[in-house]
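What follows is calculated from the coordinates using simple rules that are stated; it is not laboratory data. No experiment lies behind these values; they were computed from the predicted model shown. Here the Cβ positions follow ideal geometry from the backbone for every residue, glycine too, while neighbour counts run over all protein chains shown.
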Amino acid sequence: MHSRRKFLHTVSLSAASLPFINLKKSFMKDHFDETKTLRVAIMGLGSYGTRVAEAMQSCTRAKLVGVISGTPSKIKDWQSRYNIPGKNCYNYETYDAIKNNPDIDAVYVITPNALHHDAVIRIAKAGKHAICEKPMAINPQQAKEMINACKMANVKLLVGYRMHFEPHTLEVIRMRKAGEMGKILFFQGLSGFVIGDPTQWRLNKELSGGGAMMDIGIYSVNGARYMTGEEPVWITAQETKTDKEKFKDGIDETIQFEMGFPSGAVASCLSTYNMENLDRFFLNGEKDFVEMMPSTGYGPIRAKNSKGEIQQPDVIHQTVQMDEMAAIIFDNKQPVVPIDGEEALKDMTIIEAIYKAAKTGNKIML
Ligand code: NAD
């Protein structure tokens, strides 16, 4: 807890800077107001929505103030749990009216993947900033439409890439950028778990847009990019399916994929819904390696190199993410690794290419 506080302190305001900020306040526009709290409504009060809501209770700059849900009993429960006023509660039919609610700045979409596209466009039309869970959408076309809708409405679109604020992850990125690992040659990403209930939305293509790749493999796709610092130029992929009943057409169970980067570095990754304990990144450079395990779970994240453990504070990912999103929205802060729609579109484009490579057996050039 102590280390988390220390970290939160370093990423938020220092007391010494307060007089300067107050002075600035009278001269600068709202979106540069570093003291402003991001007031958020969560859409989709399921398992991850609940985790975000709990984490937000420790935020210094973001506050849960509203909900959007199709289940009245959940709304009631959240109202009493998080002290949410009735005027900030909506269902899926009424939430366009959020436009007229001055007490909500942003809506965080935490519904099944295939519903992100419409929701983000409606939120943008209502003039609110959109925060959207990964995967941002179920294909690149949807992602582009979401980006355009937010641009047209002049609102920000941020994607819930919590690892982009995780201290061990950021330290590895710093080490790589500083040249401490030498030229990067190889990345390995293993992302998977055994999925349970066969009736859940994650195994229904209409709602998920795909299988393990959309849900968990995306961590290796995204991780390969932030760990190497490069964008892939080619992709190959192979799919294995051991249970055709549970993993129907369009729902991938296991995909191995390889990516090549402009520098000549390569990545080899595994995405699966049928193996437990797959949460490992390995980055190999000419001078040193880094192993992260766990690499993208809720934490604590662990990383080591040839010198031993890489020491960094353990944080609640969603707490830091939401405070940092407040700074991105109000202060135009630039995160080390972007979390905007364009960043997420890159993952969607790669995932589409992985599916194409797996289906055709071809090497896909990007
Ligand atoms: P969940 O099933 O626990 O919750 C989904 C919520 O959406 C439920 O409250 C459900 O009632 C609601 N919903 C609205 N319309 C629905 C419909 N038509 N069908 C089914 N449910 C509907 O799922 P979850 O695990 O909370 O995942 C939600 C989103 O969050 C997904 O996009 C997932 O990829 C993402 N997620 C991200 C992380 C992360 O670490 N960033 C972790 C878990 C989930």
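Taking 7 Å along the Cα-to-C-beta vector as the label spot, tell me the LYS99-ASN148 distance in nanometres, rounded to one decimal.
Between LYS99 and ASN148, the simple spin-label model gives 2.0 nm.
Given the -39500 (n - 2.57) contribution per DSSP H run of 4+ residues, what per-residue ellipticity at 222 nm results for the chain, rounded to the nearest 500 deg cm²/dmol?
One gets -10000 deg cm²/dmol as the mean residue ellipticity at 222 nm.
Apply the Debye scattering formula to the chain, with a single equal point scatterer on each alpha-carbon and no solvent, then give log10 I(q)/I(0) at q = 0.10, 0.11, 0.14 Å⁻¹.
So the normalised log intensities work out to -0.64, -0.78, -1.25.
Between VAL194 and ASP77, what is the FRET efficiency for a Förster distance of 30 Å, r being their Cβ-Cβ separation, to the nearest 0.05? Intermediate results must be reported in sequence, preceding the final value.
Values: r = 30 Å, r/R0 = 0.99.
Given R0 = 30 Å and the Cβ-Cβ separation, E is 0.50.
I need the calculated FRET efficiency for the pair GLU286 and SER47, taking r as the beta carbon distance and R₀ as 51 Å, to the nearest 0.05. Walk me through the intermediate numbers first.
On the way: r = 42 Å, r/R0 = 0.83.
Between GLU286 and SER47 the formula returns 0.75.
Springs between alpha-carbon atoms under 10 Å, Gaussian network over the chain: tell me which of GLY192, GLY217, GLY250 tops the mean-square fluctuations.
Per the Cα network of the chain with a 10 Å cutoff, GLY250 tops the list.
Can you compute the FRET efficiency between LEU207 and THR37 using 1/(1 + (r/R0)^6), with r the Cβ-Cβ distance and R0 = 45 Å? Round to the nearest 0.05.
With R0 = 45 Å, the Cβ-Cβ based efficiency is 0.85.
Give the relative contact order (percent, whole number) for region 77-163; include only Cα pairs under 8 Å separated by 6+ residues.
After rounding, I find 25 percent.
Whole percent per 10 Å bin, from 0 to the bin with the longest distance: what is P(r) over all C-alpha pairs of region 253-366?
Distribution as computed: 10, 29, 38, 21, 2 percent.
Taking the alpha-carbon distance from LYS177 and a cut-off under 24 Å, which lysines remain once sequence neighbours fewer than 8 residues away in the same chain are dropped?
LYS287, LYS304, LYS307, LYS333, LYS346
Which of the peptides 152-162, 289-299 is most tightly packed, and how do the rest follow, going by the mean number of other Cβ atoms within 10 Å of each residue?
152-162, 289-299
Which shape class applies to region 159-278: rounded if a/c is under 1.5, otherwise prolate when a/b exceeds b/c and oblate if not, where a ≥ b ≥ c are the square roots of the Cα gyration tensor eigenvalues?
prolate
Among the listed pairs LYS248/LYS363; LYS151/LYS363; LYS125/LYS205; LYS134/LYS363, give every one whose C-alpha distance is greater than 29 Å. Kindly include the intermediate steps, with their values, before the conclusion.
Numbers: LYS248/LYS363 25 Å; LYS151/LYS363 34 Å; LYS125/LYS205 27 Å; LYS134/LYS363 26 Å.
Check vs 29 Å cut-off fails for LYS151/LYS363.
Using 19 Å as the cut-off for backbone N distance, which residues of region 92-123 belong to the label zone defined by a point 7 Å from the Cα of LYS248 along Cα→Cβ?
Under 19 Å, as judged by backbone N against the label point of LYS248, lie 112-115 of region 92-123.
Give the Debye-formula value of log10 I(q)/I(0) at each listed q (0.15, 0.17, 0.19 Å⁻¹), with one equal scatterer per alpha carbon of region 31-162, two decimals each.
So the normalised log intensities are -0.66, -0.86, -1.08.
Find the centroid of the Cα atoms in region 166-202 and in region 43-65, then give the distance between the two in whole Å.
Spelled out, the Cα-based centre of one part sits 24 Å from the other.
Of the candidates ILE255, ILE84, ILE131, which one comes out as most mobile in a Gaussian network treatment of the chain with C-alpha springs shorter than 10 Å?
Top of the fluctuation ranking is ILE84.
For LYS36, go through the aspartates and glutamates and keep the ones whose alpha-carbon is under 19 Å away, minus same-chain ones fewer than eight residues off.
ASP103, ASP105, ASP323, GLU324, ASP331
For region 31-162, give me the percentage of DSSP beta bridges that are antiparallel, rounded to the nearest 5 percent. Each step should come with its number before you reach the end.
Working: 0 of 19 bridges.
The antiparallel fraction comes to roughly 0 percent.
Out of all DSSP beta bridges in the chain, what portion is antiparallel? Express it as a percent rounded to 5.
Taking every DSSP beta bridge with both residues in the chain, the antiparallel ones total about 55 percent.
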